[in-house]
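Q: Before anything else, here's the structure in question.
The values are calculated or read from the model by the stated rules, or taken from the named source; none is laboratory data. None of these values were measured; they are calculated from a predicted model. When we count neighbours, we look across all protein chains shown, and the Cβ atoms used for this are built from the backbone with ideal geometry, even at glycine.
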């Protein structure tokens, strides 16, 4: 029997990358998994993988930048499984690369809507569902850039810092009611979000910024997320955990 047996876990941005790895890890641990992504075909593909690993789940198309879509996602979760115990808000975008004084307004609003407003909208509807289930674990996928700056990424950096603060605030508010809220800060991970925009030479340069000397993998992040979701982390809330190959030690 897996460590998440009987639990229901929701993962946004689960159609690829870190979200996909989290969904599969949860399924292997015995959870029923709600696979949410804007790309429904990607979510359905991951659902097949979840079932191959002995799991049960559903795929739901969700635009996390919409409050109504987040409400619908939680409603579909409760309709299918009757409860919500674990939520991983992982969906995110990179946005334009530009100096702050030149940053395009449309790009700013898009990044904030997905990467910060989307986290609030998700928690806004997930937390009441968790309370009805007797508590739960909320895990928000921030970044190393939730702790430090990165030139030409002002919107992303602002959103990821905001996500960490929002997570800490919610952790304080709901700890006594059995909901733990934590954030995770991956370093640069070899996912489609990164690789589709960069050459191998550029990726090698980024890898060299990590003392461990390489990019991370989605599975390495998912291992930490699985721990935070489980009762093994029962005394952990309001924390930020870097999975960054030493990036933040520089």
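Q: Quick check on the range 163-181. Is at least one of its residues free of Cβ contacts under 8 Å to residues at least 12 places away in the same chain and more than 20 Å from the chain's Cα centre (by Cα)?
A: To start, the set of residues in the range 163-181 that are free of Cβ contacts under 8 Å to residues at least 12 places away in the same chain comprises 165, 169, 173, 176.
Still in the list and also more than 20 Å from the chain's Cα centre (by Cα): 173, 176.
The answer is yes; a qualifying residue exists.
Residues checked against (1) touching a helix residue (DSSP H, G or I) at 6+ places or on another chain (Cβ under 6 Å); (2) closer than 21 Å to residue 121 by Cβ:
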site	(1), (2)
18	yes, yes
47	no, no
55	yes, no
71	yes, yes
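Q: Turning to a different aspect of this structure: When the range 29-54 is examined, which residues are found to be surrounded by fewer than 24 Cβ atoms within 10 Å (Cβ to Cβ) and part of a helix (DSSP H, G or I)?
A: Once the filter is applied, which keeps residues that are surrounded by fewer than 24 Cβ atoms within 10 Å (Cβ to Cβ) and part of a helix (DSSP H, G or I), the range 29-54 yields 40, 41, 42, 44, 45, 47, 48, 49, 51, 52.
Q: When the range 118-155 is examined, which residues are found to be part of a helix (DSSP H, G or I), free of Cβ contacts under 8 Å to residues at least 60 places away in the same chain and either within 19 Å of residue 172 (Cβ to Cβ) or out of contact with any helix residue (DSSP H, G or I) (no Cβ under 8 Å at 6 or more places or on another chain) (or both)?
A: Correct list: 119, 120, 123, 124, 127, 128, 130, 131, 132.
Per-residue answers, yes or no, for (1) free of Cβ contacts under 8 Å to residues at least 60 places away in the same chain; (2) surrounded by fewer than 17 Cβ atoms within 10 Å (Cβ to Cβ); (3) closer than 17 Å to residue 20 by Cβ:
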{"residue": "184", "(1), (2), (3)": "yes, no, yes"}
{"residue": "219", "(1), (2), (3)": "no, yes, yes"}
{"residue": "226", "(1), (2), (3)": "no, no, yes"}
{"residue": "231", "(1), (2), (3)": "no, yes, no"}
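Q: Additional query: Please work out which residue is nearest to the chain's Cα centre (by Cα), limiting yourself to the range 189-216 and to residues that are under 25 Å from residue 122 (Cβ atoms) and at pLDDT 95 or above.
A: 189
Q: OK, next. Scan (1) surrounded by 20 or more Cβ atoms within 10 Å (Cβ to Cβ); (2) in contact with a strand residue (DSSP E or B) (Cβ under 7 Å, 6 or more places away or on another chain); (3) closer than 20 Å to residue 241 by Cβ for the single condition residue 127 breaks and write down its number.
A: (3)
Q: Quick test for you: out of 80, 65, pick the one residue that is within 26 Å of residue 182 (Cβ to Cβ) and out of contact with any strand residue (DSSP E or B) (no Cβ under 8 Å at 6 or more places or on another chain).
A: 65
Q: Among the residues of the range 156-183 satisfying the criterion of being assigned to a strand (DSSP E or B) and touching a helix residue (DSSP H, G or I) at 6+ places or on another chain (Cβ under 6 Å), which is nearest to residue 246 (Cα to Cα)?
A: The qualifying residue nearest to residue 246 (Cα to Cα) is 183.
Q: Here's a follow-up. Quick one: in the range 1-28, which of the residues that are surrounded by fewer than 20 Cβ atoms within 10 Å (Cβ to Cβ) and either under 11 Å from the mean Cα position of the chain (by Cα) or in a loop (DSSP other than H, G, I, E, B) (or both) is modelled with the lowest pLDDT?
A: First pass over the range 1-28, keeping only residues surrounded by fewer than 20 Cβ atoms within 10 Å (Cβ to Cβ): 1-3, 5-6, 16, 28.
Subset that is either under 11 Å from the mean Cα position of the chain (by Cα) or in a loop (DSSP other than H, G, I, E, B) (or both): 1-3, 5-6, 16.
Details: 1: 66, 2: 88, 3: 94, 5: 96, 6: 96, 16: 96.
Across the range 1-28, the extreme among qualifying residues is 1.
Q: Another one. Evaluate the following for residue 242: is it part of a helix (DSSP H, G or I) and in contact (Cβ under 8 Å) with a residue 40 or more places away in the chain?
A: no
Q: Pairs, please: C-beta under 7 Å, at least 6 apart or cross-chain, first residue under 19 Å from residue 25 (Cα atoms) and in the range 65-89, second part of a loop (DSSP other than H, G, I, E, B) and modelled with pLDDT of 95 or more?
A: Qualifying pairs under 7 Å: 77/84; 84/133; 85/7; 85/133; 86/7; 86/31.
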